[in-house]
Amino acid sequence: SQQGEEDPQALSIQEGENATMNCSYKTSINNLQWYRQNSGRGLVHLILIRSNEREKHSGRLRVTLDTSKKSSSLLITASRAADTASYFCATDLLPNTNAGKSTFGDGTTLTVKP
Amino acid sequence: DVKVTQSSRYLVKRTGEKVFLECVQDMDHENMFWYRQDPGLGLRLIYFSYDVKMKEKGDIPEGYSVSREKKERFSLILESASTNQTSMYLCASSSPPGKYEQFFGPGTRLTVL
């Protein structure tokens with residue numbers, strides 16, 4: 001099964017609300033990343049958090065990492081209709097002798113209603 | 001602006017045909033990847049390459065092969081296409097060391113009839 005599993009599978013909110021999605025993984029990681037995919041397109045990198053970091057911010061995005069629980073969360077604040085997309089977490093495992101190989105989860109589909 | 005391009009956005013082939021999916025990146029990246037994406041299954045790694053002429057199997061290599069003759073180009077080959085290879089195929093690239101961000105192409109939606 002996939003290393004990363006996102007929860008919930010689907011999320012629907014109103015514009016202006018916050019959206020939180022979670023990712024759980026099974027084995028020790030080097031980094032964890034979040035990506036966004038707009039419908040029918042390729043993925044776009046959002047943010048990377050290293051295993052020795054607990055929280056990271058980028059604009060309206062806040063990512064937390066709890067290595068003891070093997071979980072991460074992505075918070076999007078003040079959501080906009082343009083945030084409608086699928087969001088994937090990707091884990092970079094230890095050891096990672098082949099730099100850059102990540103394992104992706106199944107994704108959370110976020111719908112932001114105007 | 002960094003760019004990963006894929007040869008086709010949509011492709012329709014018949015069972016048994018040999019299919020080539022091409023991916024080109026202009027960022028001088030060492031690593032390149034091929035994934036397939038299916039509903040409910042997320043992205044699954046087919047093959048990746050960390051240097052010219054170097055390749056490694058991913059999680060689901062069966063029925064696929066790859067070629068990397070030049071640094072910027074990574075080709076996915078379906079030797080004899082089957083209906084269960086109908087999927088969205090995504091190419092990505094990244095540059096080591098310590099750089100894990102992957103840059104993705106727009107995807108090729110392949111239908112095998």
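The numbers here are math on the coordinates, done by the rules we state, and not lab data. Treat the numbers as computed from the prediction; the structure is a model and nothing was measured. Here the Cβ is made from the backbone with ideal geometry for all residues, glycine too, and neighbour counts use every protein chain on show.
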**OP:** Would you tell me the mean number of C-beta atoms belonging to other protein chains that fall within 10 Å of each C-beta in A:35-43, as a whole number?
**Re:** 5
Subject >> Virtual spin-label span in nm between A:Val44 and B:Asp28, 7 Å along Cα→Cβ >> reply: 2.6 nm
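What is the local net charge at B:Thr86, summed over the other residues whose Cβ is closer than 12 Å to its Cβ (Lys, Arg +1; Asp, Glu -1)? If you can, show how the numbers build up before the last one.
Values: positive: B:Lys13, B:Arg14, B:Arg36, B:Arg109; negative: B:Asp38.
Here the count lands on +3.
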**OP:** For peptide B:70-83, compute the average count of partner chain beta-carbon atoms within 10 Å of each residue's beta-carbon.
**Re:** 0
Subject >> Those chymotrypsin sites (Phe, Trp or Tyr not before Pro) in segment B:29-81 that DSSP places in a loop and that have at most 16 other beta carbons within 10 Å >> reply: none
Original post:
Which whole-number percentage describes the relative contact order of segment B:4-112, with Cα contacts under 8 Å and a sequence gap of 6 or more?
Top reply: 37 percent
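By the scheme Lys and Arg +1, Asp and Glu -1, what is the net charge of all other residues having a beta-carbon under 14 Å from that of B:Phe20?
On the way: positive: B:Lys13, B:Lys18, B:Arg68, B:Arg73; negative: B:Glu17, B:Glu22, B:Glu69, B:Glu79.
Cβ neighbours under 14 Å give a net charge of 0.
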**OP:** Evaluate the distance, in nm, between pseudo-label points positioned 7 Å from the Cα of B:Val52 and of B:Asp38 along their respective Cα→Cβ axes.
**Re:** 3.6 nm
